[in-house]
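The values are calculated or read from the model by the stated rules, or taken from the named source; none is laboratory data. All figures in this text were calculated on a predicted structure; none of them were measured in a lab. Using ideal geometry, Cβ is built from the backbone for each residue, glycine included, and neighbour counts are taken over all protein chains shown.
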Amino acid sequence: MLVFFLSGPSPEDVARLKTLESYFYRAEVEIGVDGDLLRVIAYRLTRFHRAKPYPNAEAVPQYGVMGIFKIEDAEKVSGITRDRIVNDNWAGIKAGALLLRHYLDACGGDLVCALEMYAPPGAEKVFARDILMLLKSGVKFPVLGTRPHPDIRIPEYLMEVENGSGEGLLACPPGPEFPLVERWVPAHSSNYTSANRPSDYPINYIIIHTTQGTYYGAISWFQNSSANVSAHYVVNSEYNPSDGAPVGEATQMVCHKDIGWHAGNWTYNTQSIGIEHEGYVDENGWYTDTLYRKSAYISRMAANTFGFPKDRAHIIGHVEVPGATHTDPGDYWDWAYYTVLVNGLPSVDTIVDELSQGFRKYGPSQYWYYDSANGYGAYGHMWHTGSWSGVANWAKWTPNLPYTGPYEVFAYIPAGTQYDAYVPYIVNHAGGTDTVWIDQGNYSSEWVSLGTYNFNAGSSGYVILLDSSTISGDRIAFDAIRWSWRGSTVCGDKVVDDGDAGWSGFGTWTLSSYSGYNGDYRYAYVGGAPDSSVWFSDLGCFSGYVVYAWVRKGSNRSTSVHYRIYADDGVRDVYVSQYSATSDTGWILLDTVCADTLHVVMYDDAPDGDVVIADAILYQRDTTVNCSITSYDEAAYNGDVNLTYSDNKVTVMVPYPQRVILRVYSPSGRTVMSRDLGEVVGWVKVPIDLPKGVYFVRVKGRTLKIIVR
């Protein structure tokens, strides 16, 4: 389990960034170099941290806040020693500004020429291109962000991809071997071993590395004849700063057939493809969506090409290589997210998790942290950040809805007292936009209603959560959002088979053509990396259902297979035997539930047996199941808070100033709406648009029963 108890930006970090801001302004005034240009270079090369040489780095060493590559030039031009450049922020910024001023003068004021001189050898074009693109579009960053410069012109030759975009495709050299890898830059021949893989050595692994430097520094270093190191790929961490959408870039430097020198273990070198990722093991913020998604594409393509499983036994970190002296990729590398990306993000209609295609997070990556054991879904995974009045980080959930009409929207709030922020969920729907404030500290491992709204079918609607809160520094959880259909779809039995749109397999599930439901099923071996299988779909309405699993039993099956059923009346863990000496096949009863969505997860965590089977799940409607709650009082209480309901409004009479939270429940106990009214007094009217049914409104322990005819 790995939990980061960090949030950002902290007051200390904000103070540090503001001090740096004053230094950039001072450098602009004293040295005459554009402050936005200095900030963009520092952001791209160091994320405003002080870079220093590392003994095990696989990139050209860099120095100071400005990420200086050519330290001898900087010392000569500025008169500042490299120790001061590394250890003093003002000295590092001043030295970088003076070096850039020197290069501008040498280039007759030509910015492109000066940037190419600032870059390490062999990475001049790509560095100049990236700095100009960032300068043109601007950088969104707390305190040190830069404004867009739309007048910046980027020369066409900088935008030309070096033997990429399919040129020389599958012919290495002269080009990259996978279609979406942009660039081919060959490593020096003294840094790898020529071979004829997989004929002479099988390719069984992907090894994940961190450069301890930048993309440009790694590209330059692998071309240096004295490096004695190389990897097959180097991956860029940058994103499109205009909207945060991943654009990605990877450079291939060693052909697959050849042996890169990256693992520190000859056997693993011969059997692996090495992927270097720019960044630093001890700094959060380098492993962006851009980097993860491009790297996962390479891993997925390699596994498909060479036939090894896409799992954690075959996709490993450098630290996991036997005899490794390196610690990369380190604790900031999110293995759960990366594994899901390699296998393909699940696409679901009505639940968008932070591991779904419809989820995207924005803002500075160093202020995003993940919790690996405290979220919704099979991986128990979620992201979090801290509140910040400037809205540094935010996220967006976009579903692919099957129908046009009313949906109730829910946010999943995970367990943990540290997630205590009072935050705004912005719901964009067919009728406009509503903002619903939720106090995450009031909930634990539960779905919280954001209200019912009309949505168009497809992906035009969405939910946004900002990192703003009433108290700066609160920790905010970003997990799953659910859209539950509230229209007039006819209720009935529902079956979701393995391979259907509502099924997702996480980990390694092998398709079997033996007789299962609809002719096949999936199976996984118990042990090793955990696997899970998820079935999800709308049921059309809230009702009682009997839940079954289709299983082809066998003599190698587990006798204790773990199913978890998520229902409106609670979460159930059910253990059933899939063992039989006679290969029985059919439906196995799991449980009876009250629900409006089909949601079952199965795990391969059984303590015995060789195989678990994932096939179809059936929810069979049973109207005899009692899904009502009748214990609430029929009338409003008289006391310090009074409730009434009429004309689609709940009226609350509050006799003295106090904070009031209003909640509406269905008879099953499911939360329909939760509104924090804040500090109020007197008569407060809250509009509630409810479909026909029975509801219960609670304020400060007072309950009112509402019957909507």
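Descriptive notes on the structure:
- Taking (1) within 17 Å of Asp130 (Cα to Cα); (2) in contact with a helix residue (DSSP H, G or I) (Cβ under 8 Å, 6 or more places away or on another chain) in turn, Ser230 satisfies each apart from (1).
Here's the yes/no breakdown for (1) under 20 Å from Trp388 (Cβ atoms); (2) more than 22 Å from the chain's Cα centre (by Cα):
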{"position": "Tyr419", "(1), (2)": "yes, no"}
{"position": "Gln440", "(1), (2)": "yes, no"}
{"position": "Ala457", "(1), (2)": "no, yes"}
{"position": "Ser460", "(1), (2)": "no, no"}
{"position": "Val463", "(1), (2)": "yes, no"}
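- Filter pass, Leu341 being within 12 Å of the chain's Cα centre (by Cα) and free of Cβ contacts under 8 Å to residues at least 40 places away in the same chain: no
- Scan of segment 132-145 for residues that are closer than 28 Å to Trp388 by Cα and not in a loop (DSSP other than H, G, I, E, B), ordered by number: Met133, Leu134, Leu135, Lys136, Ser137, Val139
- Single residue of segment 8-26 satisfying the filter (in a helix (DSSP H, G or I) and hydroxyl-bearing (Ser, Thr, Tyr)) that is surrounded by the most Cβ atoms within 10 Å (Cβ to Cβ): Tyr23
- For segment 476-496, residues that are modelled with pLDDT of 85 or more and buried (at least 22 other Cβ atoms within 10 Å of the Cβ) total 8.
- For segment 161-176, the set of residues classified as farther than 12 Å from Glu249 by Cβ and either hydrophobic (A, V, I, L, M, F, W, C) or at pLDDT 90 or above (or both) consists of Leu169, Leu170, Ala171, Cys172, listed by residue number.
- For segment 27-131, the helices (runs of 4 or more DSSP H) that sit wholly inside it and include 3 or more residues that are within 32 Å of the chain's Cα centre (by Cα), modelled with pLDDT of 95 or more and under 25 Å from Glu182 (Cα atoms) are 35-46.
- Candidate set from segment 49-87 (those that are more than 20 Å from Pro121 (Cβ to Cβ) and free of Cβ contacts under 8 Å to residues at least 12 places away in the same chain); member that is surrounded by the fewest Cβ atoms within 10 Å (Cβ to Cβ): Pro55
- Under the condition of being among the aliphatic types (A, V, I, L, M), surrounded by 22 or more Cβ atoms within 10 Å (Cβ to Cβ) and either part of a strand (DSSP E or B) or out of contact with any Gly (no Cβ under 8 Å at 6 or more places or on another chain) (or both), the residues counted in segment 408-426 number 4.
- Entry remark, segment 612-631: residues being modelled with pLDDT under 90 and aliphatic (A, V, I, L, M) number 2 in total.
- Here Gly505 clears all of (1) crowded, with 23+ Cβ neighbours inside 10 Å; (2) assigned by TED's automatic domain parsing to the domain that holds Met602 except the condition numbered (1).
- Matching residues in segment 337-365 - criterion: being in contact with a His (Cβ under 9 Å, 6 or more places away or on another chain) and not in a strand (DSSP E or B): Tyr337, Val340, Asp353, Glu354, Leu355
- Within segment 267-284, residues that are outside the structural domain of Gln212 (by TED's automatic domain parsing) reach no partner that is at pLDDT 95 or above with beta carbons closer than 9 Å at six or more positions or on different chains.
- Those strands (runs of 3 or more DSSP E) lying entirely in segment 490-572 with at least 3 residues touching a residue at least 24 places away in the same chain (Cβ under 8 Å) and closer than 23 Å to Asp596 by Cβ: 494-496, 532-552, 561-567
- Restricting attention to segment 215-227 and to residues that are of a type in the set (A, V, I, L, M, F, W, C), in contact with a helix residue (DSSP H, G or I) (Cβ under 9 Å, 6 or more places away or on another chain) and over 9 Å from Gly122 (Cα atoms), the residue that is surrounded by the most Cβ atoms within 10 Å (Cβ to Cβ) turns out to be Phe222.
- Remark: Ser230 matches the filter, which requires a residue to be over 30 Å from Asp353 (Cα atoms) and of a type in the set (Gly, Ala, Ser).
- The residues of segment 377-407 that are crowded, with 23+ Cβ neighbours inside 10 Å, among the aromatic types (Phe, Trp, Tyr) and modelled with pLDDT of 85 or more, listed by number, are Trp397, Tyr407.
- Subset tally (residues that are more than 20 Å from Gln620 (Cβ to Cβ) and either modelled with pLDDT under 80 or in contact with a Cys (Cβ under 9 Å, 6 or more places away or on another chain) (or both)) for segment 575-604: 3
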